[in-house]
Amino acid sequence: MRIFNKSHKLDNVCYDIRGPVMDEANRMIARGEKILKLNIGNPAPFGFRAPDEVIEAMQSNLISTEGYSDSKGLFAARNAIADYCVNVKHIEGVTPDDVYTGNGASELITMSMQGLLDNGDEVLVPAPDYPLWTASVTLAGGKAVHYICDEQSDWFPDISDIRSKVTSRTKGIVIINPNNPTGALYSRELLEEIADIARENELIVFSDEIYDRLVMDGLEHISISSIAPDIFSVTFNGLSKSHLIAGYRCGWMTLCGNKTNVKGYIEGINLLSSMRLCSNVPAQSLIPVALKNAYTAREMLIPGGRIYEQRRFICDAINSIPGMSVVRPRAAFYIFPKIDTERFNITDDEKFVLDFLKQKKILLTHGGGFHWEKPDHFRVVYLPCLDELRQAADGLRDFLADYRQD
């Protein structure tokens, strides 16, 4: 067993989406100040409610879910997930034995890296990323090597940059599709190019697909596992966002494709899964009911729907502010605006969002929190209602009218 110096490893972990700016916001709240939070992807605080049938499913199963389940999860839940993978996502050959339920997908992301990496092993991770991926790689003893997603190409990954960063130590490649923080939705052609790189270099693909049911503009999410059954891939999904139950911590991980050369990895995942006994059993029990209506959020994603209209408003509002621009997202509920750093003399994006928080009492997340190296982006969550988004846009316009960083 490898023994790590805990403090040294934590020093190398960046998780600034819950860092100093959030700490200042909490101090302000403790003083009685009201903060508009545009930093959290939790639907509940913004008035979103889970479908009645999901709540009722958990209530009716409470008495029968008092004990442990199998370490991978309830068979009925895993069977429903396997059916979703095969018949909805068109991923060949997935069985209940390939499915692991988790306390949210986050737990399983960490587990997937723990089972893979030795000290110094590398994993390709997008920039910008959801920072849990980089943190999980680092805490497992590996090195996250960030490849660039190109804002000028709808935030698609730069294939040439990915190729240039593969080394003899590279074990896998992470894709976040649909993407957090950019809202990008990847095309079939792009996914095929990524699959080619994985195939040529014998890499495992880790595909974070938690937002696959939150797609707009008549588009369709394509799982990379559905178009490359000859490579081994691991997909991550759950109900936190699509069924508005983030607090239930209900997620899953699915092993897909060719398992011939990964038997040791699967043994490790089985061991890690068994060590934590099982995930939350009452939350598992509602998965079959939820996946019978997998696209429960569809009404919010079409013209006139709440998420669709909030996206339209915030993108138009941001693009109308001098010195700012944003690529319209195709999925999820995040945007990643760009700010003209020369116009506002910005050299520190964390200071920018901290200054904005203190002056306007509106909480954003700076781009550096997503391992974006330049100080020219920040993330906005557009879950709040239109009135609150209007308040935020007006506040940002007013703030930038005379803002110059020291």
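With the largest listed first and rounded to whole Å, the semi-axes of the equivalent ellipsoid of the range 132-257 from the Cα gyration tensor are 22, 18, 15.
Cα centroid separation, the range 239-290 to the range 64-101: 8 Å.
Using Cα-Cα distances under 8 Å and only pairs 6 or more residues apart, what relative contact order does the chain have, in percent? The partial results should precede the final answer.
Values: 776 pairs, mean separation 92.9, N = 406.
Once divided by the residue count of the chain, the mean separation gives 23 percent.
Less than 12 Å Cβ to Cβ from Asn201, Lys/Arg counted +1 and Asp/Glu -1: what total charge do the surrounding residues give? Spell out each step's value before the answer.
Details: positive: Arg163, Lys165, Arg169, Lys171, Arg199; negative: Glu122, Asp196, Glu200, Glu202.
Around Asn201, the surrounding residues sum to +1.
Taking the helices alone, the chain has a mean residue ellipticity at 222 nm of -10500 deg cm²/dmol, built from -39,500 (n - 2.57) per DSSP H run of at least 4 residues and averaged over all its residues. For the range 132-195, a Kirkwood hydrodynamic radius built from all Cα pairs, placed in the Stokes-Einstein relation at 4 °C and 1.567 mPa s, yields a translational diffusion coefficient of 102 µm²/s. What the Cα convex hull of the range 191-278 gives, in volume per residue, is 95 Å³. Computed packing ranks the peptides 263-270, 81-88, 51-58 as 81-88, 51-58, 263-270, most packed first, by mean other Cβ atoms within 10 Å. Atom-type composition of the exposed protein surface of the chain places 48 percent of the accessible area on carbon and sulfur (1.4 angstrom probe).
What are the semi-axes of the equivalent ellipsoid of the range 255-300, taken as the square roots of 5 times the eigenvalues of the Cα gyration tensor, listed largest first and rounded to whole Å?
On the way: eigenvalues 178, 63, 11 Å².
Values for the range 255-300, descending: 30, 18, 7 Å.
A simple rule links phi to the HN-Hα coupling: the Karplus curve 6.51 cos²θ - 1.76 cosθ + 1.60 with θ = phi - 60°, which for the range 38-51 gives 10, 10, 10, x, 9, x, 4, x, 9, x, 7, 10, 5, x Hz, with x for Gly and Pro.
For the pair the range 172-214 and the range 385-405, the centres of their Cα atoms are 34 angstrom apart. Please report, to two decimal places, log10 I(q)/I(0) for the range 62-213 at q = 0.12, 0.15 Å⁻¹ as given by the Debye formula with identical point scatterers on the Cα atoms and no solvent. The Cα Debye sum returns log10 ratios of -0.56, -0.86. For the chain, the C-alpha radius of gyration sits at 0.97 times the compact-globule guess of 2.2 N^0.38 Å, with N the residue count.
Report, in degrees rounded to the nearest 10, the 0 to 90 angle that the Cα long axis of helix 386-400 makes with the longest principal axis of the chain. Between helix and principal axis, roughly 50 degrees. Evaluated at q = 0.18, 0.21, 0.23, 0.24 Å⁻¹, a Debye calculation over the C-alpha positions of the range 302-406 (equal weights, vacuum) places log10 I(q)/I(0) at -0.83, -1.14, -1.36, -1.47.
Think of a 1.4 Å ball rolled over the protein heavy atoms: the range 94-189 then has 31 Å² of accessible area per residue. Ordered from largest to smallest accessible area (heavy atoms of protein chains, 1.4 Å probe), the residues Lys358, Lys72 come out as Lys358, Lys72. Residues whose amide H falls under 5 Å from that of Leu244, counting only those 5 or more places apart or on a different chain, are absent, with hydrogens built in the peptide plane.
Between the Cα long axis of helix 104-114 and the first principal axis of the chain there is an angle of about 70°, rounded to the nearest 10.
The values are calculated or read from the model by the stated rules, or taken from the named source; none is laboratory data. Just so it is clear, the model here is predicted, and its values are computed rather than measured. Neighbour counts run over all protein chains shown; Cβ positions are idealised from the backbone, glycine included. Just the protein is used for accessible areas: all its heavy atoms, side chains included, with ligands, DNA and RNA removed. Shrake-Rupley method; radii C 1.70, N 1.55, O 1.52, S 1.80 Å.
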